[in-house]
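The values are calculated or read from the model by the stated rules, or taken from the named source; none is laboratory data. These numbers were taken from a predicted model, which means no experiment stands behind them. Please note: Cβ atoms are built from the backbone with ideal geometry, for glycine as well, and neighbour counts cover all protein chains shown.
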Amino acid sequence: MTLIPIYSLSQMEHHIDEAELWTKKETKHKFRKSIIEEWGSCCYVCGNHFEKITLDHIVPKKAGGRTTRYNLATCCSMCNRKKGHQPVFEWWAQTEMWDIDRVIKLISWLRRAHTSHTSGDNIQ
(Lines give C-alpha, C1' and ligand atoms only; values in the text may rest on other atoms or scores of the structure.)
Protein backbone atom coordinates (compact mmCIF):
# COMPACT_ATOMS: atom_id res chain seq x y z
CA MET A 1 0.00 0.00 0.00
CA THR A 2 1.46 3.37 -1.02
CA LEU A 3 0.76 6.33 1.23
CA ILE A 4 0.40 9.64 -0.55
CA PRO A 5 -1.13 12.25 1.75
CA ILE A 6 -3.08 15.03 0.10
CA TYR A 7 -2.11 17.85 2.48
CA SER A 8 1.27 19.09 3.59
CA LEU A 9 2.72 17.22 6.52
CA SER A 10 2.92 20.40 8.59
CA GLN A 11 -0.86 20.89 8.33
CA MET A 12 -1.88 17.33 9.12
CA GLU A 13 -2.75 16.05 12.55
CA HIS A 14 -4.06 12.71 11.29
CA HIS A 15 -4.39 10.86 8.02
CA ILE A 16 -7.11 8.35 7.15
CA ASP A 17 -6.16 5.60 4.71
CA GLU A 18 -8.97 3.17 4.00
CA ALA A 19 -10.09 2.14 7.50
CA GLU A 20 -6.93 3.19 9.37
CA LEU A 21 -6.35 6.44 11.23
CA TRP A 22 -2.68 7.40 11.51
CA THR A 23 -1.15 10.06 13.68
CA LYS A 24 0.89 12.86 12.17
CA LYS A 25 4.08 11.08 13.30
CA GLU A 26 3.03 7.77 11.67
CA THR A 27 1.98 9.59 8.50
CA LYS A 28 5.32 11.40 8.27
CA HIS A 29 7.22 8.14 8.80
CA LYS A 30 5.24 6.31 6.09
CA PHE A 31 5.57 9.30 3.74
CA ARG A 32 9.37 9.41 4.15
CA LYS A 33 9.68 5.61 3.97
CA SER A 34 7.74 5.45 0.69
CA ILE A 35 10.14 7.95 -0.93
CA ILE A 36 13.21 6.14 0.43
CA GLU A 37 11.89 2.80 -0.85
CA GLU A 38 11.13 4.23 -4.28
CA TRP A 39 14.71 5.51 -4.56
CA GLY A 40 16.11 2.23 -3.18
CA SER A 41 17.90 4.02 -0.32
CA CYS A 42 20.38 5.40 -2.89
CA CYS A 43 21.62 8.97 -2.94
CA TYR A 44 20.40 10.68 -6.11
CA VAL A 45 23.66 12.68 -6.26
CA CYS A 46 26.47 10.16 -5.65
CA GLY A 47 24.50 6.98 -6.36
CA ASN A 48 25.68 5.14 -3.23
CA HIS A 49 23.34 3.01 -1.12
CA PHE A 50 22.90 3.93 2.55
CA GLU A 51 21.09 2.23 5.41
CA LYS A 52 20.31 5.66 6.90
CA ILE A 53 19.64 8.35 4.33
CA THR A 54 18.22 11.86 4.37
CA LEU A 55 15.68 13.49 2.09
CA ASP A 56 16.77 16.56 0.13
CA HIS A 57 14.45 19.33 -1.02
CA ILE A 58 15.26 19.48 -4.72
CA VAL A 59 14.00 23.05 -4.83
CA PRO A 60 15.31 24.28 -1.46
CA LYS A 61 12.78 25.48 1.10
CA LYS A 62 14.70 28.76 1.18
CA ALA A 63 13.87 29.20 -2.53
CA GLY A 64 10.19 28.41 -2.01
CA GLY A 65 10.40 24.62 -2.36
CA ARG A 66 7.72 22.70 -0.53
CA THR A 67 7.81 19.46 1.39
CA THR A 68 6.02 17.43 -1.24
CA ARG A 69 6.67 13.94 -2.53
CA TYR A 70 8.20 15.03 -5.82
CA ASN A 71 10.29 17.82 -4.33
CA LEU A 72 12.06 15.32 -2.08
CA ALA A 73 14.69 12.80 -3.13
CA THR A 74 17.00 10.56 -1.13
CA CYS A 75 20.39 12.12 -0.52
CA CYS A 76 23.24 11.05 1.71
CA SER A 77 24.08 13.47 4.48
CA MET A 78 27.43 14.40 2.91
CA CYS A 79 25.91 15.32 -0.48
CA ASN A 80 22.99 17.05 1.23
CA ARG A 81 25.38 19.24 3.25
CA LYS A 82 27.51 20.02 0.18
CA LYS A 83 24.46 21.05 -1.86
CA GLY A 84 22.95 23.13 0.93
CA HIS A 85 20.54 25.72 -0.49
CA GLN A 86 22.06 25.79 -3.97
CA PRO A 87 20.01 25.09 -7.11
CA VAL A 88 20.48 21.36 -7.68
CA PHE A 89 21.52 21.24 -11.33
CA GLU A 90 23.86 24.24 -11.17
CA TRP A 91 25.63 22.74 -8.17
CA TRP A 92 25.56 19.09 -9.26
CA ALA A 93 26.88 19.73 -12.79
CA GLN A 94 30.06 21.19 -11.29
CA THR A 95 30.84 18.13 -9.16
CA GLU A 96 32.60 14.89 -9.98
CA MET A 97 29.36 13.09 -9.02
CA TRP A 98 27.44 14.34 -12.09
CA ASP A 99 26.02 11.24 -13.78
CA ILE A 100 23.65 11.38 -16.73
CA ASP A 101 21.69 8.27 -15.65
CA ARG A 102 21.01 9.73 -12.20
CA VAL A 103 20.15 13.09 -13.76
CA ILE A 104 17.60 11.39 -16.03
CA LYS A 105 16.12 9.57 -13.02
CA LEU A 106 15.77 12.85 -11.12
CA ILE A 107 14.22 14.59 -14.13
CA SER A 108 11.73 11.71 -14.49
CA TRP A 109 10.90 12.09 -10.79
CA LEU A 110 10.29 15.83 -11.30
CA ARG A 111 8.15 15.21 -14.41
CA ARG A 112 5.93 12.90 -12.36
CA ALA A 113 5.37 15.82 -10.03
CA HIS A 114 4.16 17.93 -12.93
CA THR A 115 1.87 15.11 -14.10
CA SER A 116 0.49 14.63 -10.58
CA HIS A 117 -0.02 18.36 -10.18
CA THR A 118 -1.90 18.77 -13.44
CA SER A 119 -4.10 15.74 -12.75
CA GLY A 120 -5.07 17.09 -9.33
CA ASP A 121 -3.35 14.25 -7.43
CA ASN A 122 -0.64 16.33 -5.79
CA ILE A 123 0.67 16.65 -2.27
CA GLN A 124 0.36 20.08 -0.84
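Overview of results
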{"quantity": "Pick from the range 49-60, criterion in contact (Cβ under 8 Å) with a residue 24 or more places away in the chain and outside any loop (DSSP other than H, G, I, E, B), ranking: surrounded by the most Cβ atoms within 10 Å (Cβ to Cβ)", "calculated": "ASP56"}
{"quantity": "Search result, residues across the range 87-107 that are loosely packed, with under 12 Cβ neighbours inside 10 Å and either touching a helix residue (DSSP H, G or I) at 6+ places or on another chain (Cβ under 7 Å) or in a helix (DSSP H, G or I) (or both)", "calculated": "GLU90, ILE100, ASP101, ILE104, ILE107"}
{"quantity": "All positions within the range 61-83 that are over 9 Å from the mean Cα position of the chain (by Cα) and assigned to a loop (DSSP other than H, G, I, E, B)", "calculated": "GLY64, GLY65, ARG66, CYS76"}
{"quantity": "The range 18-48 - residue that is at pLDDT below 95 and assigned to a loop (DSSP other than H, G, I, E, B) and, of those, nearest to CYS79 (Cα to Cα)", "calculated": "GLU18"}
{"quantity": "Per-region count, the range 32-63, residues β-branched (Val, Ile, Thr) and within 14 Å of ARG102 (Cα to Cα)", "calculated": "2"}
{"quantity": "Residue within the range 69-86 that is polar (S, T, N, Q), crowded, with 19+ Cβ neighbours inside 10 Å and in contact (Cβ under 8 Å) with a residue 60 or more places away in the chain present", "calculated": "no"}
{"quantity": "Single residue of the range 108-120 satisfying the filter (assigned to a helix (DSSP H, G or I) and loosely packed, with under 11 Cβ neighbours inside 10 Å) that is modelled with the highest pLDDT", "calculated": "SER108"}
